[in-house]
Amino acid sequence: MGKRKYLGAILGKRAKSEMSVGEMDYLIRCSYSRIERTAKVYRAKILLGYHQGESISKVAREMRTECRKIERTVQKALEYGVQSAFRDLPRRG
């Protein structure tokens, strides 16, 4: 629960994602792509919704997923950058 509380504190303050024009263009192209992986298109739509000022819960409702997934994707983009948010982080094993 401590980790969730931490993410809620960061995202609750509406940390604004700073994106360059090139990154915005990349997200828009990915969100409409029919040849990119589904996960990449999904994450692009999440980041675009968040960047447009929509709440985490609204993005989650529109994407038909849970808020936790939206928080993780946005947090990864804020920490590592937009390009890194599309890649999965290494797991154990």
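Just so it is clear, none of the values below were taken in a lab; they were calculated from the coordinates. Because the structure is a prediction, the values reported are computed rather than measured. A quick note on method: Cβ atoms are made from the backbone with ideal geometry, for glycine too, and the neighbour counts reach across all protein chains shown.
How high is the relative contact order of segment 17-84, in percent, counting Cα pairs under 8 Å that sit 6 or more residues apart?
Working: 48 pairs, mean separation 20.1, N = 68.
The value is 30 percent.
For a paramagnetic label modelled at 7 Å from the Cα of ASP25 toward its Cβ, which residues of segment 55-91 fall within the zone defined by backbone nitrogen distances under 16 Å? 83, by backbone N distance to the label point.
Write out the trypsin sites (Lys or Arg not before Pro) in segment 28-93 meeting two conditions: DSSP loop, and at most 12 other Cβ atoms within 10 Å of their Cβ. Numbers along the way, then the final one.
Values: sites: ARG29, ARG34, ARG37, LYS40, ARG43, LYS45, LYS58, ARG61, ARG64, ARG68, LYS69, ARG72, LYS76, ARG87, ARG91, ARG92; in loops: ARG34, ARG37, ARG64, ARG87, ARG91, ARG92.
Filter output for segment 28-93: ARG34, ARG37, ARG64, ARG87, ARG91, ARG92.
By the beta-carbon count within 10 Å of each Cβ, the least crowded to most crowded order of LEU27, LEU48, LEU89, fewest first, is LEU89, LEU48, LEU27. Computed over segment 17-84, the Cα gyration tensor eigenvalues convert (square root of 5λ each) into semi-axes of 17, 14, 11 Å, ordered from largest to smallest. The order of MET19, MET24, going from fewest to most other C-beta atoms within 10 Å of their C-beta, is MET24, MET19.
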